[in-house]
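The values are calculated or read from the model by the stated rules, or taken from the named source; none is laboratory data. Here the structure is a predicted model, which means the values were calculated and not measured. In this analysis, Cβ positions are derived from the backbone assuming ideal geometry, glycine residues included, and neighbour counts consider all displayed protein chains.
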Amino acid sequence: MLLKKYVFTSPPAGPKVLFLGGVHGNETCGVKALFKVIEKFASRALTLNRGSVEFIPVCNPQAHTLGLRQVEENLNRVVKNWDTPTTYEQHLGKELSTHIRCCDIVIDLHSSHCPQDKPFIFDDYPTAASRRLSQAQNIIYIIEGWPQIYRNAPIADFSTGSCAQTYGKTCLTVECGYHQSLQSEQTAYYVVLNTLLCLNMLDGFPSAPLKQQRIMMDEIIVKSSSGNLTHPYHHLDKISRGEILAVYDNNTNIICPQDGFILLPNAKAAVNTEWFYLGHLLEPKVVS
Ligand SMILES: [Zn+2]
């Protein structure tokens, strides 16, 4: 076994919830937040009402030690029950898939690389259960549609979310904010508490009466030749129909087709890689 798991249980029946941190080794907010929660359960500052809660705070131990995203490949593309794993991450992915298969709900905590990045949730396989859990979070933006965008892409998506979906489990991937910010660690910590509160596994109520925005990803824009974005766009910036988003060196424009959001823009994208995504608002409603 390569992974260290911490488990706390309570006799009354309840769900088995698995929290993951450090799937990418340079993302430490989930690692720190999970160790903080583990400490609180161990010292009985937190007491579980029912079910069981499991933590794997460091899902890629070598990459975490090295402070790198990965050792040989992206762990969040190889989480499945490999017959003959070869790379370090495939071994980890196989072990993770076993843990995912044995739980009911998976919450995978990540962070992102831009200081301006706002926290958001990937609800890749939305169900009533995943929507309820995402609505319990103190996070404004929830993004759906990632798997559909990649359905025809030549990229295998064996993420924690797709693994959970294969086994019929509920999964949210939470991007807690910028790698280096203290705020992202706080966000990760409250994701754990709000999840357990929402499931009545802790006493109290989730702290989430925020106006949330659920966004559907519509389109991936692959950079087909050299060119530039027209603004220093950030993830989740609002964009308007008719706005010129990018210009190729041959003077072709990419024009925003409808009011919505620009997602995950990469100003330095290489030719033939993902440049940015477009999305639109699904449910502009207040969650109470
Ligand atoms: Zn990540």
Exercise. Count, please, the residues in the range 75-104 that happen to be in contact (Cβ under 8 Å) with a residue 40 or more places away in the chain and polar (S, T, N, Q).
Key: 2
Exercise. Filter the range 33-57 down to the residues that are assigned to a helix (DSSP H, G or I) and in contact with a Phe, Trp or Tyr (Cβ under 9 Å, 6 or more places away or on another chain), then identify the one that is surrounded by the most Cβ atoms within 10 Å (Cβ to Cβ).
Key: ALA33
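Take ILE121 and tell me if it is assigned by TED's automatic domain parsing to the domain that holds ALA63, within 20 Å of ASP218 (Cα to Cα) and crowded, with 19+ Cβ neighbours inside 10 Å.
Yes, satisfied.
Scan the range 166-185 for residues that are more than 18 Å from SER112 (Cβ to Cβ) and surrounded by 18 or more Cβ atoms within 10 Å (Cβ to Cβ) and report the count.
Qualifying residue count, the range 166-185: 3.
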Quiz item: Filter the range 108-124 for residues that are of a type in the set (S, T, N, Q) and within 17 Å of TYR233 (Cα to Cα); which is nearest to the ligand (Cβ to nearest atom)?
Solution: SER112
Exercise. Mind listing just one residue for me: the one in the range 61-115 that is over 28 Å from LEU196 (Cβ atoms) and among the acidic types (Asp, Glu) and, of those, farthest from the chain's Cα centre (by Cα)?
Key: ASP83
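Does SER43 satisfy the criteria of being in the same structural domain as LEU109 (by TED's automatic domain parsing), free of Cβ contacts under 8 Å to residues at least 24 places away in the same chain and small (Gly, Ala, Ser)?
Yes.
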Quiz item: So is SER130 under 21 Å from PHE19 (Cα atoms), of a type in the set (S, T, N, Q), surrounded by 16 or more Cβ atoms within 10 Å (Cβ to Cβ) and in contact with an Asp or Glu (Cβ under 6 Å, 6 or more places away or on another chain) or not?
Solution: yes
Practice problem: Return yes when LEU210 is in contact (Cβ under 8 Å) with a residue 40 or more places away in the chain and not assigned by TED's automatic domain parsing to the domain that holds LEU34 and no when it is not. | Solution: yes
